[in-house]
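Asks: Would you mind keeping the following structure in view while I ask a few things?
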């Protein structure tokens, strides 16, 4: 699983939850989500990647897609067989 795939998965998940277009999400430095959307996005990412991010309990509701992709890539190193 490449970091590019993870980034695309994040964008896809955010778009599915919020209904926004990918171009709109990708253009943002940080994505601001309401609590319901935040929980949906991280629930789906955790289920898809079979990991625990700890982000469901985070008080922040704003994320950088690139920083999140890097963080998830680090968590997944060695955990998934390509």
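Asks: When both residues are 6+ apart or on different chains and their Cβ atoms are under 7 Å apart, which pairs have a first residue that lies in segment 10-28 and is in contact (Cβ under 8 Å) with a residue 60 or more places away in the chain and at positive phi, and a second that is part of a helix (DSSP H, G or I) and surrounded by 17 or more Cβ atoms within 10 Å (Cβ to Cβ)?
Replies: Sorted first by the residue in segment 10-28, then by its partner, the list stays empty.
Asks: Looking at residue 37, is it part of a helix (DSSP H, G or I), within 12 Å of the chain's Cα centre (by Cα), modelled with pLDDT of 95 or more and surrounded by 16 or more Cβ atoms within 10 Å (Cβ to Cβ)?
Replies: yes
Asks: Take the residues in segment 2-34 that are assigned to a loop (DSSP other than H, G, I, E, B) and under 13 Å from residue 68 (Cβ atoms); name whichever of them is modelled with the highest pLDDT.
Replies: Looking only at segment 2-34, we keep the residues that are assigned to a loop (DSSP other than H, G, I, E, B), and these are 2, 19-21, 27-30, 33-34.
Still in the running and under 13 Å from residue 68 (Cβ atoms): 28-30, 33.
Details: 28: 94, 29: 88, 30: 94, 33: 97.
It comes out as 33.
Asks: Follow-up. Would it be correct to say that residue 60 is assigned to a helix (DSSP H, G or I) and either modelled with pLDDT of 90 or more or at negative phi (or both)?
Replies: Here the answer is no, as residue 60 does not meet what is asked.
The values are calculated or read from the model by the stated rules, or taken from the named source; none is laboratory data. From a predicted model like this one, the values you see are computed outputs, not experimental measurements. All Cβ positions, glycine included, derive from the backbone under ideal geometry; neighbour counts span all protein chains shown.
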